Structures are given as C-alpha cells and as structure tokens.
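Okay, so here's the structure we're looking at.
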Amino acid sequence: MLKAVIFDMDGLLIDSEVISYKCYKKLIESYGYSFTMDDYVKDYPGKQLKVSLQFIKEHYHLDYDIEEKFQLFHRLETQFMQEDGVALKKGAKELLQYLKNHHYQIALATSSLPSRACHILDMHHILSYFDEIICGSDVQRGKPYPDIFLKACERLNVLPSEAIVLEDSEAGIQAAYDAKVPVYCIPDLKQPGKEYAQKTKGILSSLLDVITILENM
C-alpha cells in the first residue's frame, strides 16, 4: 500500500536548473574555459554542489578553495534568482494539494542546503505541505547513492516499497533505484538514457500525471 511520496526539488518542483547552469558557467568561464548547456546536463543535475565543485577542480586542473567557491555559487544563485525569479513546475501545487487531501505523507529529498530549500518552498507557499525535509547535509553520500531516499523513508516511518520517488535526473533515478523505492521521472533538461529509463516505473510529462497514476492504483 502506498503511504508516501518523496519529491526531488531542483528541476522537479522548481524550474531552477537554468539558474544553476548560469552559476557554473560564470565560475568555469572565469578561468578561461567554455561551458555549454550540454556540458551542464551531462554531469551536474541532481548532484551535491560540493561534489560538483570538486569535479570541476579536478576536471579543469584548477587550484581553488571548495568552501570559497561554495559561498560564491550561492551568492551568484541568489543574484540570478532575484533577477530572473524561479517558478514552480507545472502541476506542483495541484499534486501537493491532492496528496494532502488523500492523506499521503510527503517528503522532500534534495541535495540543496536546508536554508535554501526551506526559503524556496516558503517563497512559493508550499513549505507546509511537507512532513519531512531531507537535505544533502543530512546524509554522508549524496545522489546517485541511495542514502537520502533511505533517510526519507526512515523519517516517514515507511518501507521503501510503501513510497514512490519523483525525480528529474539520472543521479536521482539511480539513487531511488538502489534504495529500492519505485521512481517516476519527470524530465527537465534531459530525457534519461535508456539504462536509467529502464530503472523507472515510468517517464511522465508533468507532475499532473502523478495524480492520474495515483487515481488508478
């Protein structure tokens, strides 16, 4: 019996991946390297920021302090969000209200910082829908490892088989699959590759499709 729904945030609930791309682009191009959207989509969505900053440091053979760039990234992100805004994805509020009306438990499992996640959810007046919020800082290993979804199930007091995960990234799909939580993918910037698509229960066009699935369970 399904008892809980676990949401990713960036690219799934909120339309933030383009802002993340702009932050990485500004950082990498400051060292004289080009950085395209294809580069971003290939390696970055769904992963913890510090993991990605370490990847950049090694990939481009750069010498910088991770914590310093971590703080810079968040300053850039705040600037871009203030300039461009960050919208909810189609069907987000409708699905959250449906889940609440039908007494499902709701969790957020995001690689983001707790303060950032809560601020964004509160800004869109959806923070109160969530029974639990699990962030990258709550687990030792981020996506694609399963830790964050296992922690979400533990916090919600449900078995992995009693929950579903909603994700947009291949890293998130892999994490849910290894946690043995059924996962549906609502792609954002990239359709999942065949290897990852086969690990999902389905590829959906929007969060509204989740309501249809739950109605037919």
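Computed from the coordinates by the stated procedures, all read-outs in this text should not be read as laboratory data. Just so you know, these numbers come straight off a predicted model, no measurement behind them. Here Cβ is always computed from backbone atoms with ideal geometry, including for glycine, and neighbour counts include all displayed protein chains.
Run down Tyr31, Tyr24 and say which single residue is in a helix (DSSP H, G or I) and not basic (Lys, Arg).
Tyr24
Name the residue that is farthest from Glu29 (Cα to Cα), counting only residues in region 57-105 that are β-branched (Val, Ile, Thr) and under 20 Å from the mean Cα position of the chain (by Cα).
The extreme case among them is Val86.
Mind listing whichever residues of region 133-147 are surrounded by 18 or more Cβ atoms within 10 Å (Cβ to Cβ) and not hydrophobic (A, V, I, L, M, F, W, C)?
Scanning region 133-147 gives Gly136, Gly142, Lys143, Pro144, Pro146, Asp147.
Please determine, by comparing only the residues of region 23-49 that are surrounded by fewer than 18 Cβ atoms within 10 Å (Cβ to Cβ) and in contact (Cβ under 8 Å) with a residue 40 or more places away in the chain, which one is nearest to Ile126 (Cα to Cα).
Only one residue tops the list, namely Val41.
Identify all residues within region 77-135 that are in contact with a strand residue (DSSP E or B) (Cβ under 9 Å, 6 or more places away or on another chain), under 24 Å from Glu162 (Cβ atoms) and of a type outside the set (A, V, I, L, M); write none if there are none.
Hits for region 77-135 are Lys100, Tyr104, Gln105, Thr110, Ser111, Tyr129, Phe130, Asp131, Glu132, Cys135.
Report, by residue number, each residue of region 1-21 that is out of contact with any Gly (no Cβ under 7 Å at 6 or more places or on another chain) and assigned to a helix (DSSP H, G or I). First the steps, then the outcome.
Initially, region 1-21 is screened for residues out of contact with any Gly (no Cβ under 7 Å at 6 or more places or on another chain), giving 1-7, 9-16, 18-21.
Val18, Ile19, Ser20, Tyr21 - these are the residues of region 1-21 that are out of contact with any Gly (no Cβ under 7 Å at 6 or more places or on another chain) and assigned to a helix (DSSP H, G or I).
Can you tell me which residue is surrounded by the most Cβ atoms within 10 Å (Cβ to Cβ) among those in region 169-195 that are under 15 Å from the mean Cα position of the chain (by Cα), aliphatic (A, V, I, L, M) and assigned to a loop (DSSP other than H, G, I, E, B)?
Ile186
For (1) in contact (Cβ under 8 Å) with a residue 40 or more places away in the chain; (2) surrounded by fewer than 17 Cβ atoms within 10 Å (Cβ to Cβ), each residue gets a yes or a no:
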| position | (1), (2) |
| --- | --- |
| Ser115 | no, yes |
| Phe149 | yes, no |
| Leu156 | yes, no |
| Ser161 | no, yes |
| Ala197 | no, yes |
| Leu214 | yes, yes |
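Quick check on this structure: which one of Tyr40, Tyr44, Tyr33, Tyr24 is more than 27 Å from Arg141 (Cβ to Cβ) and among the aromatic types (Phe, Trp, Tyr)?
Tyr33
Within region 61-98, track down each residue that is part of a loop (DSSP other than H, G, I, E, B) and surrounded by 13 or more Cβ atoms within 10 Å (Cβ to Cβ).
Within region 61-98, Leu62, Tyr64, Val86, Lys89, Lys90, Gly91 qualify.
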